[in-house]
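Trainee: This is the structure I want to talk about, given as structure tokens.
The values are calculated or read from the model by the stated rules, or taken from the named source; none is laboratory data. These numbers come from a predicted model, not from an experiment. Ideal geometry is used to build each Cβ from the backbone, glycine not excepted, and the neighbour counts take in all protein chains shown. Accessible surface areas use protein heavy atoms only, side chains included; no ligands, DNA or RNA. Shrake-Rupley method; radii C 1.70, N 1.55, O 1.52, S 1.80 Å.
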Amino acid sequence: MASKQGYNPATLQIAEDLRYGKGCTQDVNAALNTLLSFASIRGYEKCAREIIDIVEDNSDIDPVTAVPSLARLANDGDGDMILKLCNAYLVGSFGLPKDNERHKNWMEKGAENGSLDLLESMAKMYEEKEMWDLAYSCYEELDKNDVFVDYSDKLYEIENQIVDNETDAQTLAEKGLNLY
């Protein structure tokens, strides 16, 4: 009754009870449907997270079901959800196609929001693609902002890659001075 009268915690409790079979027969699909209808009406953040969790925990549920919740939380700047969306586009999970451009765009959005995990992912991506200047910029930013990790060895490694891959003496000298 409380759920029908719009009391949010009661609706979430019903979904949780159905998901885990607390005081009722376990019915993950009914829990998911409860959360989906609740999310579409009120757009509740906890509800969106629960939808994503249910989809991730149950291989028999269509993963596309979680995409609207995942996208909404990512668009709101949630670093964990941005990372999930990045990975989804990288490997093609949640029913999304592999898409390197969208993967890169979401990583950049996460890095702009201050996510060190995403900034490190960007640095590694640029490094894999041998985009040394961009990789260096990302590792330099990480070195400034991550108090727990020392990136000086990685910066030195990237500097060497920049030097090794440069063929024009003038450009090499300019980059050397810039790095110095």
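Trainee: At 1.4 Å probe size, with no ligands or nucleic acids counted, give the accessible surface of GLU120 in Å², nearest ten.
Mentor: Accessible area of GLU120: about 50 Å².
Trainee: Taking 8 Å as the Cα distance limit and 6 or more residues as the minimum spacing, I'd like the relative contact order of segment 14-77 as a percentage. Don't skip to the end; give the middle numbers.
Mentor: Values: 61 pairs, mean separation 13.0, N = 64.
Reported relative contact order: 20 percent.
Trainee: Here's something else I'd like to know. So for CYS24, CYS86, what's the accessible-area order with a 1.4 Å probe, most first? Let's see the in-between values first.
Mentor: Working: CYS24 55, CYS86 0 Å².
So the residues, ranked largest to smallest area, are CYS24, CYS86.
Trainee: Count the net charge of all other residues whose Cβ sits under 15 Å from the Cβ of GLU16, scoring Lys and Arg as +1 and Asp and Glu as -1. Mind dumping the intermediate values first?
Mentor: Working: positive: ARG19, LYS22, LYS46, ARG49; negative: ASP17, ASP27, GLU50, ASP53, ASP57.
Here the count lands on -1.
Trainee: What residue among LYS144, LYS109, LYS98 has the largest mean-square fluctuation in a Gaussian network model of the chain, using Cα springs under 10 Å?
Mentor: LYS144
Trainee: For segment 65-118, calculate the relative contact order in percent as a whole number, restricting contacts to Cα pairs under 8 Å that are 6 or more residues apart. Each step should come with its number before you reach the end.
Mentor: Working: 61 pairs, mean separation 15.5, N = 54.
Normalised by residue count, the contact order of segment 65-118 is 29 percent.
Trainee: Once you keep just the Cα pairs under 8 angstrom separated by 6 or more residues, what percentage relative contact order results for segment 58-180? Working shown, then result.
Mentor: Numbers: 122 pairs, mean separation 16.4, N = 123.
13 percent.
Trainee: For VAL67, VAL147, give the ranking by accessible area with the largest first, probe 1.4 Å. Numbers along the way, then the final one.
Mentor: Details: VAL67 30, VAL147 125 Å².
My answer, sorted largest first, is VAL147, VAL67.
Trainee: Then there's this: Give me the distance in nm between label points sitting 7 Å out from Cα along the Cα-to-Cβ direction at GLU157 and THR171, one decimal.
Mentor: Placing both labels 7 Å along Cα→Cβ, they lie 2.4 nm apart.
Trainee: Per 0.36 nm of contour for each residue apart, how much would the distance between ASP53 and GLU112 grow if the chain were fully extended, relative to their Cα-Cα spacing?
Mentor: On the way: separation 59, 0.36 × 59 = 21.24 nm, distance 2.59 nm.
Contour length minus Cα-Cα distance gives 18.6 nm.
Trainee: For segment 119-180, what's the radius of gyration and Dmax over Cα atoms, in angstrom?
Mentor: Considering segment 119-180 through its Cα atoms, Rg and Dmax are 11.7, 37 Å.
Trainee: For the chain, what mean projected area does the convex hull of the alpha carbons give, in nm²?
Mentor: Working: hull surface 52.3 nm².
Mean shadow area of the hull around the Cα atoms is 13.1 nm².
Trainee: Anyone know which of PHE38, PHE148, PHE94 comes out most mobile in the 10 Å Cα GNM of the chain?
Mentor: Result: PHE148 has the largest fluctuation of those listed.
Trainee: Now for a different question. Applying the Karplus parametrisation 6.51 cos²θ - 1.76 cosθ + 1.60 with θ = phi - 60° to the phi angles of segment 134-150, what ³J(HN,Hα) value in whole Hz is obtained for each residue in order, glycine and proline being reported as x?
Mentor: 5, 4, 4, 4, 5, 5, 5, 5, 4, 4, 6, 9, 9, 6, 9, 10, 9
Trainee: Related question: LYS84: which lysines have alpha carbons under 17 Å from its alpha carbon, excluding same-chain residues fewer than 8 sequence positions away?
Mentor: Partners within reach: LYS46, LYS98, LYS104, LYS109, LYS124.
Trainee: Can you order the peptides 47-55, 13-21 by their average number of other Cβ atoms within 10 Å per residue, highest first?
Mentor: Numbers: 47-55: 20.9, 13-21: 17.6.
Per-residue mean Cβ counts within 10 Å order the peptides as 47-55, 13-21.
Trainee: By accessible area of protein heavy atoms, probe 1.4 Å, what ranking do GLU174, GLU108 get, highest first?
Mentor: Values: GLU174 95, GLU108 55 Å².
Greatest to least solvent exposure: GLU174, GLU108.
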